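The values are calculated or read from the model by the stated rules, or taken from the named source; none is laboratory data. None of the values given here were measured: they were computed from a predicted structure. Note that each Cβ is placed from the backbone with ideal geometry, even for glycine, and that neighbours are counted across all protein chains shown.
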Amino acid sequence: MPRMKTIVNAIVRWGWLTLLVLFAFGYLAAGLSEPQNELQNQGSGQLSDASLKDLNHVETILAKTWENQGLERTEYADWLTVCRRMSLAMVGSGLSVEEIRFLESLPEDQRESVHLESLLLDSRFHHYWSERWSRFLVGADEGPFLVYRRRRFRIWLYEQFASDRRYDEIVRRLVNAEGLWTDRPEVNFLTVTFDSNDGQPDPVRLAARTSRAFLGLRIDCLQCHDDFLGNVSLGDIESPREGLQSDFHQLAAFFSAAKTNGFQGVQESEADYRYQYLDSDEDVDVEPAVPYSPELLPDEGSSRSRLAAWITHPENRQAARAAVSHVWALLFGRSATESVDNLPLDQSAPEVIEALADEFIASEFDLRHLIRLIVKSSAFRVSSRAVFLVTDEHEKANAVFPLTRLRPEQVAACVIQSSRIKTIDRDSSFVTQLQKFGSTNDFVKRYGDIGEDEFTNESVTITQRLVMLNGNMLKESISDNPIMNASSHIDLFAPTDDLAIEMAYLSVLNRRPSESERVHFGERISNAEFRRQAIEDIFWVLLNSTELAWNH
Amino acid sequence: MNLSGKASAATPSLCDYAAHFSRRTLLGAGASGLMMSQIAHALAMADEKGVTDPKRPLSVILLWLEGGPSQLETFDPHPGTAIGGDVKAIPTSARNIQIADTLPRVAEQMHLASLVRSVTSKEGDHQRAVYNIKTGYRPATTIVHPSIGAALCHSSPSLSDIPRHISIVPGGSPGRGGYLGAAFDAFKIGDPAGKVPDIRRRVDEDRYERRLDDLYDVVESEFRRGRLANLEKERTLHTTATDAALKMMSSDQLDAFDVSSEPKDVLSRFGDHAFGRGCLAATRLLDAGARCVEVTLSGWDSHINNHSLQSSACEKLDPALASLLERLKERDMLETTLVVCGGEFGRTPSINPGGGRDHWPHGFSTLLAGCGIRGGAVYGGTSPDPRLDSSKPTDDITNVVAVADLHATILSALGVPYDEELYTNVGRPIFRSEGKPIDALLSS
């Protein structure tokens, strides 16, 4: 009897241990936590009446633009293509098969809206946009040692997007930031410009950054001289004059009030800015002043709070245009104008940007409302291909969706996501998330980070093609791995070759194969000695295609 | 038709016979070993005769000392002074030039090189200073400037299967094409003792061919349907870049990356480490058609234990740099190859309580050799007894050389018009360099 008891005890102990090991393995490999399926809580994602009115306004403007230019608009793209565009723009990756299957379970007319609402609440969106915004607010470099924490700044931005903070409030917090860069992460907007020569934030760099990021004006050349090429117009918006060197330095003078003060970090003090202008013999005191619309600048308050109030004033339409221009570029992967941060004061932006700027101000700087308006507009939903001859003019006027090259991070994310059936997000297993983090970093390092130069469609390089043709990440993501890889799962569980091909296309390109593709790859599989290898080859081909590397 | 011999009758219209032929040519030419490019031939001849074609284009080898080497422990010692530290000065093969005793073999080659001891910048932060030195411009918010290698490659057409701008053991900031385009970014490789990354296919040749057939003939042609008329040529260049990558994969010029075929005594002379092998590979790559090879040596950021860290780094720099100059001279390559050796800034004259030296952009050293640069010369100098007035940091320096001037000198030596205006993607022309060349170094 005692012997039986010992055996039972041993079985129970070993049983518990085995269960624990299995649980740990399951968690590491697949993630056993119950995902918060935000998709299922979004309703139909239909616009309110007020939003519908705003969208109609934008649609009217687009139609008028096409009519005036004598351009034909192409048909709307299918819902999957539109959803892929949304995912690329908002979470930096294509859709997972899991997402596609869920959306397919909904009525077709609701799929785009539901996907959009889901993405707006998705932590991947907050994370991805925080990185993209960090690049244009503080750059891509690690910056000054000790006094700058880029990661903290990015997390702060993540929190702003997650909490649906108003755009104007974000801007005010950045311009007014005070405290230690570790305790108050927004302060890093200032300390990234830390000048090691005098131990203070650099007003000149802050003026250049502010004018580009918040005002959509490139006035950097005024740092050294007056504008003599007619490139910069400032002053009265109705009747602008050429930009002056003093315009730049008066803007910089606002930031001279930001001083580091030992353990208190950056604190506001009196503005004290001196500068020796070109052709001048000596330094002069420079009083803070804004480069246009001075009537919007409050008389009272600290230097930076006055500047922040001026930038975010509802009548400062230029600042709203700058914000709209940036959001537009993030969603389309390219600027609506020649440069995303160069909207000359004396020139109209495309009419659709002007219309969206009005709506953005009217919505009290609601970023999500702005995203909804753009994504639901015809400009975002039209196809990138047409039955007529597509020209650059069609793309510029948004009569067809513009082809844009994916950023290195987007390519990496697409490769990694395509290797999983389930969505890779914060609910994914520890191993999956770790693998994604490490692989993305290695891939981007090799593929080439384009830094803060966000919207240049640079040509593809030999290195990039080699990384995709023969690189390790691609090999790892398509090779035989029954536990992790989608290609293996498809081989194991797709009962027919047709379904296997369809699954591969959905995983990688987020579309179904054309009839000729289906026939061709069907023959490839049936002629192959090993089905598994043929499926792996299809993944390799699709991952190496132009279609994968470009948003369309 | 496909190259594997397995017909795909169901999709004949998708096949492009000309493309098949072209791809087989791309993949097979080098692999067969029967064809040898003109430049590869030059490489072989150089090995055989020990000399290089004198008509070869001007090129640059940039020895990048990442982290900020101390001028006082390398090329500008002030022994026996308050700022001198533990270093001693030794005579060199150039009359009147002494350098630190950490570089004894370089001292034997100093008659081939010039020292600029008065480089100054306004950037004391690593990343900004690296950008400044590599491009000649301070970081700007509106534009990314090209590095020296990109500017050089941009100034003349390509004749090579392999990239012409190469970074060996790249540190944090390999040279970039900037506004000239990503096509001029440095091609990055690791230790030349290993393989060139991503250059070998991971499946057998037949299977690789099948994959390429399907890519070109099936998926790419499907994507082109209904889009811009010249999608490939005027927008994506995707297939063009793939072709170039395939050409490189099978090029016999890849041998230039591999230093293992060099005699053991040559390898040991350069040093048994990645930097030494990188310097040796640089000479082979120039023979194979590269125009700029950057080799990085890190380990110079000596905020503590300055003397020890600088000495350790010099132990690698000394044999590699000396052997590089020696080899270039032996092969008559020094006339057509500029060697630039330096880092993003120097280190403070004063030694901190941790025995280290901090960042110092106000007077540091850069070595230049070849391409018409005077041998055995020094330009500029720092004071052995500096006043260190932070408001006037350049008062302790003679013949101050701004970073832009250093760039203008380098571009000028390489035959690139330093004052040429280039139209950029920000809509305004920019000079290649805003500096002036140091004539005293260029007139040999």
Any residue at all in the stretch B:52-72 that's charged (D, E, K, R), in contact with a Pro (Cβ under 9 Å, 6 or more places away or on another chain) and over 15 Å from B:ARG347 (Cα atoms)? no
Which of the residues belonging to the stretch B:375-399 are assigned to a loop (DSSP other than H, G, I, E, B), in contact with a strand residue (DSSP E or B) (Cβ under 6 Å, 6 or more places away or on another chain) and surrounded by fewer than 17 Cβ atoms within 10 Å (Cβ to Cβ)? B:ASN399
Out of A:VAL187, A:VAL284, I need the residue that is surrounded by fewer than 18 Cβ atoms within 10 Å (Cβ to Cβ) and in contact with a strand residue (DSSP E or B) (Cβ under 8 Å, 6 or more places away or on another chain). Which one? A:VAL284
Number of positions in the stretch A:473-531 that are in a loop (DSSP other than H, G, I, E, B) and not aliphatic (A, V, I, L, M): 14
So B:HIS154 passes all but one of these: (1) at the interface with chain A (Cβ under 10 Å from one of its Cβ atoms); (2) modelled with pLDDT of 85 or more. Which condition number does it fail? (1)
B:LEU411 passes all but one of the listed conditions (1) more than 14 Å from chain A (Cβ to nearest Cβ); (2) without any contact (Cβ under 8 Å) to a residue 24 or more places away in the chain; the exception is number (2)
Give the number of residues within the stretch B:165-192 that are within 11 Å of chain A (Cβ to nearest Cβ), at pLDDT 85 or above and either under 16 Å from A:VAL460 (Cα atoms) or in contact with a strand residue (DSSP E or B) (Cβ under 7 Å, 6 or more places away or on another chain) (or both). 16
Please pick out the residue among A:SER545, A:SER487 that is within 11 Å of chain B (Cβ to nearest Cβ) and closer than 23 Å to A:VAL411 by Cα. A:SER545
If you go through the stretch A:189-200 one residue at a time, do you hit one that is closer than 30 Å to A:ASP122 by Cβ, modelled with pLDDT of 95 or more and of a type outside the set (Gly, Ala, Ser)? yes
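One line per residue, one yes/no per condition, for (1) out of contact with any Asp or Glu (no Cβ under 9 Å at 6 or more places or on another chain); (2) of a type in the set (Gly, Ala, Ser); (3) modelled with pLDDT of 95 or more:
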residue	(1), (2), (3)
A:ALA386	no, yes, no
A:HIS394	no, no, no
A:VAL415	yes, no, yes
A:SER428	yes, yes, no
A:LEU434	yes, no, no
Going through B:VAL119, B:VAL106 one at a time, which residue ends up being out of contact with any His (no Cβ under 9 Å at 6 or more places or on another chain), more than 14 Å from every other protein chain (Cβ to nearest Cβ) and under 30 Å from A:ALA207 (Cβ atoms)? B:VAL119
Hey, which of the helices (runs of 4 or more DSSP H) in the stretch B:211-293, taking only ones fully inside, have at least 2 residues that are more than 7 Å from every other protein chain (Cβ to nearest Cβ), closer than 30 Å to B:ALA322 by Cβ and at pLDDT 95 or above? B:264-270, B:274-287
Among what's in the stretch A:210-267 and is within 20 Å of A:VAL284 (Cβ to Cβ) and of a type in the set (S, T, N, Q), pick the residue that is nearest to the other protein chains (Cβ to nearest Cβ). A:GLN223
Which of (1) closer than 21 Å to A:ASP537 by Cβ; (2) touching a residue at least 12 places away in the same chain (Cβ under 8 Å); (3) assigned to a helix (DSSP H, G or I) does B:ARG201 not meet, given it meets every other one? (3)
What are the residues in the stretch A:476-489 that are free of Cβ contacts under 8 Å to residues at least 60 places away in the same chain and within 27 Å of the chain's Cα centre (by Cα), if any? A:GLU476
Only one of A:ARG511, A:ARG426, A:ARG420, A:ARG446 is in contact (Cβ under 8 Å) with a residue 40 or more places away in the chain and either hydroxyl-bearing (Ser, Thr, Tyr) or within 14 Å of another protein chain (Cβ to nearest Cβ) (or both); which? A:ARG511
